[in-house]
Amino acid sequence: MDSKKHWEDVYTTKSSDSVSWFQPNAEKSLGIIQGLDIAKNSNVIDIGCGASTLVDDLLQHGYLNLSVLDLSAAALEVAESRLGSAASKVQWREEDVTKLTLEKHSVDVWHDRAVFHFLTNEDDRNNYVKSVLHAVKPGGYVIVATFAEDGPEECSGLPVQRYSASELHSQFGSPFTLLGHEKEIHKTPFGTTQSFVYCYCRKE
């Protein structure tokens, strides 16, 4: 399957607030980021952002160096349009996370809600972790949220890999120290629930 075509189709045929992963505010992600020991001018990147409102929340709380990355140009256009003039404060990247071209050790905080669980191929997962190791500074932070063990087995018509906190951390291994993990029961726009697990680590 052509992943880029899939996500372009999603964001050109559905409104951004009607997809199952939509959040009016990314409260869990924002809370974890705010709890880290980082300055407001730290480089923060939201991986597979889609049309997520996390970038809005981070701007409103004074974070200055923000990047958002997604396969789908249509998704990025939704978020950029929503931000209006504030969009000029954000770096927009249409890119595949498993083939990143980010500068080495350029990222202070790597955030991913609901991308990693779509990587059901081991090579894709390995390439993702290589991207993290390349891009994140020593001492930087990595926040990854996936469906938990009791979460859905597929999303947007695609299979997913579900994780416990320990299973998710083990995908990244010894270069990353697990600082904490949290569970979230996400309520979808159509009234169902999805179980997520968030792990946050420091790159040593």
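The values are calculated or read from the model by the stated rules, or taken from the named source; none is laboratory data. Everything numeric in this text was worked out from a predicted model, so none of it was measured. Here the Cβ is made from the backbone with ideal geometry for all residues, glycine too, and neighbour counts use every protein chain on show.
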> Can LEU54 be described as buried (at least 18 other Cβ atoms within 10 Å of the Cβ) and within 15 Å of the chain's Cα centre (by Cα)?
Replying inline: yes
> If you take the residues of segment 1-37 that are in contact (Cβ under 8 Å) with a residue 40 or more places away in the chain and of a type in the set (Ser, Thr, Tyr), which of them is farthest from CYS155 (Cα to Cα)?
Replying inline: SER29
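Residues are listed down the side, and each one gets a yes or a no for (1) more than 19 Å from LEU30 (Cβ to Cβ); (2) among the small types (Gly, Ala, Ser); (3) touching a Cys at 6+ places or on another chain (Cβ under 9 Å):
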{"residue": "ALA51", "(1), (2), (3)": "no, yes, no"}
{"residue": "LEU54", "(1), (2), (3)": "no, no, no"}
{"residue": "LEU58", "(1), (2), (3)": "no, no, no"}
{"residue": "HIS61", "(1), (2), (3)": "no, no, no"}
{"residue": "ASN65", "(1), (2), (3)": "no, no, no"}
{"residue": "VAL68", "(1), (2), (3)": "no, no, yes"}
{"residue": "ALA74", "(1), (2), (3)": "yes, yes, no"}
{"residue": "ALA79", "(1), (2), (3)": "no, yes, yes"}
>> Just to be sure before I move on: is LYS137 surrounded by fewer than 19 Cβ atoms within 10 Å (Cβ to Cβ), more than 14 Å from the chain's Cα centre (by Cα) and free of Cβ contacts under 8 Å to residues at least 24 places away in the same chain in the structure I sent?
In response: no
>> Here is a check on your reading of the model: is GLY50 under 11 Å from LEU71 (Cα atoms), of a type outside the set (D, E, K, R) and either at pLDDT 85 or above or touching a helix residue (DSSP H, G or I) at 6+ places or on another chain (Cβ under 7 Å) (or both)?
In response: yes
>> Looking only at residues that are within 17 Å of the chain's Cα centre (by Cα) and basic (Lys, Arg) in segment 1-37, which one is surrounded by the fewest Cβ atoms within 10 Å (Cβ to Cβ)?
In response: LYS4
>> So, in segment 146-176, exactly how many residues are under 14 Å from ARG125 (Cβ atoms) and either out of contact with any Lys or Arg (no Cβ under 8 Å at 6 or more places or on another chain) or part of a loop (DSSP other than H, G, I, E, B) (or both)?
In response: 12
> Taking segment 9-32 as the region of interest, how many residues are β-branched (Val, Ile, Thr), under 20 Å from ILE185 (Cβ atoms) and assigned to a helix (DSSP H, G or I)?
Replying inline: 1
